[in-house]
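The values are calculated or read from the model by the stated rules, or taken from the named source; none is laboratory data. This one's a predicted model, so the numbers in the text were calculated from it and none came from an experiment. As a convention, Cβ positions derive from the backbone with ideal geometry for all residues, glycine included, and neighbour counts pool all protein chains shown.
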Amino acid sequence: MTLTIYKLQPQTIDLSQGNFPILLRIWQGNALELPADGTHFGYVYQGQADLVRQDNAYPLRAGMYFCLPGVGKIEAESSGIVITHMNYRGMFSLGGPMESSGRLAYIDGGSSSLLVPPVIRGDPCLNALYFPPKVDQTLHTHPSDRIGIVVAGSGQLEMPQTAIPLEPGVIVVIPAHSLHKFRTLEHNLTVVMFHPDSDAGFTHQDHPMLNRTLVEGVSAAKLPHIQTNLNR
């Protein structure tokens, strides 16, 4: 798979030739049916919409995001993207609008926020990347594919032999192990980015409910004989 740029035009792109079974859906101005298979990570780029799930309608507006396991539908005049991870069962959630800056330090002056965090370590996640003006990132790679949409500002995505201009509404697919960097000039740049996996988050043996349960002053995390064994 090669680095690819898409515009906000209704289409479905099969990205399963990468390292995860992923579908990218782009909607603009029309309803979008979301099938029962997999979990859908969505971002509303423009307009207002309803996310319909189990006969309940949840209002969405520009800058909001969601995680939807299983079947659903986006209704009303709006545009955005949905990334479907076919082999994952997420937790239903809505969030946003996005904040104007990141909560976590990143690299070379950038910051990030977790919009939809991994439920368990290794799970997919949805992130926001924030770059101030005059950022020139260090060239780097990622161990898995990245799918993102530019939501504000401008800049460019650079690779050793080319540079791609970035503006709001541009969708990028960065394959695993592709050398690249972001650069900004006079303006900020904000990108919503999907990661199909994670190496941070809780596990069955390390999470707040377990860690902060004390048996005679000892954390239950240190008492494997009383821990529940879940087959997931």
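Given the criterion hydrophobic (A, V, I, L, M, F, W, C) and in the same structural domain as N127 (by TED's automatic domain parsing), identify the matching residue among L223, L185, L230, L210. Give the steps one after another, and end with the answer.
Working: L223 fails: in the same structural domain as N127 (by TED's automatic domain parsing); L230 fails: in the same structural domain as N127 (by TED's automatic domain parsing); L210 fails: in the same structural domain as N127 (by TED's automatic domain parsing).
The conditions single out L185.
Which residues, taken from segment 26-40, are surrounded by fewer than 20 Cβ atoms within 10 Å (Cβ to Cβ) and under 18 Å from I149 (Cα atoms)? Result: Q28, G29.
In segment 78-92, the residues that are within 19 Å of V191 (Cβ to Cβ) and in the same structural domain as G38 (by TED's automatic domain parsing) reach residues that are surrounded by fewer than 21 Cβ atoms within 10 Å (Cβ to Cβ) and of a type in the set (K, R) with C-beta atoms within less than 7 angstrom, at least six apart or across chains, in these pairs: I81/R25; V82/R25. Restricting attention to segment 56-63, does a residue exist that is assigned to a strand (DSSP E or B), polar (S, T, N, Q) and surrounded by 15 or more Cβ atoms within 10 Å (Cβ to Cβ)? Within segment 56-63, not a single residue is assigned to a strand (DSSP E or B), polar (S, T, N, Q) and surrounded by 15 or more Cβ atoms within 10 Å (Cβ to Cβ). Note on segment 185-212: residues that are part of a loop (DSSP other than H, G, I, E, B) and either surrounded by 14 or more Cβ atoms within 10 Å (Cβ to Cβ) or touching a residue at least 24 places away in the same chain (Cβ under 8 Å) (or both) total 13.
Pull up segment 82-93, narrow it to residues that are closer than 25 Å to Y6 by Cα and more than 13 Å from the chain's Cα centre (by Cα), then point me to the one that is surrounded by the most Cβ atoms within 10 Å (Cβ to Cβ).
Step by step, filter segment 82-93, then rank; the result is Y88.
Assessment of segment 75-85 against the conditions (among the hydroxyl-bearing types (S, T, Y), in a loop (DSSP other than H, G, I, E, B) and closer than 18 Å to G122 by Cα) yields no matching residue.
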